[in-house]
1. Quick one: work out Rg over Rh on the C-alpha atoms of region 11-126, Rh as Kirkwood radius.
2. For the chain, with every protein chain kept in place, what is the accessible area per residue (1.4 Å probe, Å²)?
3. How much of the accessible area of the chain, probe 1.4 Å, is carbon plus sulfur, in whole percent?
4. Wrap a convex hull around the Cα atoms of region 47-191, take a quarter of its surface area, and give that in square nanometres.
5. Percent of alpha carbon pairs in region 238-318 separated by more than 19 Å?
6. Just 115, 150, 50 to compare: in a GNM of the chain, with alpha carbon springs under 10 Å, which one fluctuates most?
7. So for region 192-277, considering every pair of alpha-carbon atoms, how many percent are separated by more than 23 Å?
8. Cut-off 10 angstrom, C-alpha nodes, Gaussian network model of the chain. Which of 112, 306, 187 fluctuates the most?
Amino acid sequence: MTTPDLKGRTDAPPTPAARDAASRSLSARRRSDTIRGWMYMAPFAIAFVLFLVWPTISGFYMSFTARSLTGAGSELVGLANYSEAFGDSEMWKSLWNTVVFTVLSTIPLVVVALLLATLVNMNLKGQWVWRLSFFMPFLLASTVVSQFWLWMYNPQLGLVNEVLGWVGIEPKAWLQDPSTAMMSVVVTTVWWTVGFNFLLYLSALQNIPDHQYEAAALDGASTTRQFFSITLPQLGPTTVLVSILQLLASLKVFDQIYQMTGGGPGGATRPILQYVYEVGFTGYRLGYASAISYIFFFLIVVVSVVNIVVINRRGARS
């Protein structure tokens, strides 16, 4: 049946040939869009395979060989490298140093960042100066930060000993003493990287609706009560994000420790990644270094999975 239009004409249904032509046109358009999409994605896909997927597979295979930096020893040795690694006291010591650094640095990098963001969010005058001063160190290269704090910790000329001397504290070789070297690097790391976490917290604070604080003030809630009852609960997701990012970043520490202490004194600050570097490029044992790397990799995977499970459970309860 046809339907007359305003001019008395009728619209006939499309013929099978017309439907087939439309279907072919749509299929061609979809193929063209697919090809265009793959072309746009190709540069990233090629770089991803060459610089991430292939090195990961190659390194995992290498961990089962006796490969040397000289190119010798490509034969398979099975799990010998992993067996040796689990019995290597130096590896466990380096891993423990990494865990200690992670614990000592993650907590202040979360707490200090929150305090700084709260301070700036209090509508102080010259906010741009505060934001710039807190975030500026994060923009510096690790070599610059390391050299700066090496001078600060200098036993004879350093500012740290000079300031402590004003209150009667004897000068100390901060980076040469095993009891203070790790904490000295932690202080440097907090000063250097807290600015990134500060920005995350500041952004989250500025997204909290003002009417919540106004209602709490009308109910007689003090500033402290508002902070613990409104601010901290609202910052829960941001705190989880900051904690996970900081935990993973601290586990991968290398630059500042290598540049400031070289892993010393006596291996007191040497992280696991530096030990991998020393085994592979100083000891020429690439196969063994790869095995240690993958043991550490699986440790990071476990930590990440535990974090995800904890976060999901908290989300389900809330």
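The values are calculated or read from the model by the stated rules, or taken from the named source; none is laboratory data. The model shown is predicted, which means the values in this text are computed figures rather than measured ones. Side chains are part of the model used for accessible areas, which takes the heavy atoms of the whole protein and leaves out ligands, DNA and RNA. Shrake-Rupley method; radii C 1.70, N 1.55, O 1.52, S 1.80 Å.
1. Here the Rg-to-Rh quotient is 1.34.
2. Here the residues of the chain average 62 Å² of exposed surface.
3. Summing carbon and sulfur atoms, their accessible area is 68 percent of the total for the chain.
4. One quarter of the hull surface, i.e. the mean projection, equals 14.5 nm².
5. The share of Cα pairs beyond 19 Å in region 238-318 comes to 51 percent.
6. Among 115, 150, 50, the largest GNM mean-square fluctuation belongs to 50.
7. Taking all Cα-Cα pairs of region 192-277, the fraction more than 23 Å apart is 47 percent.
8. 306
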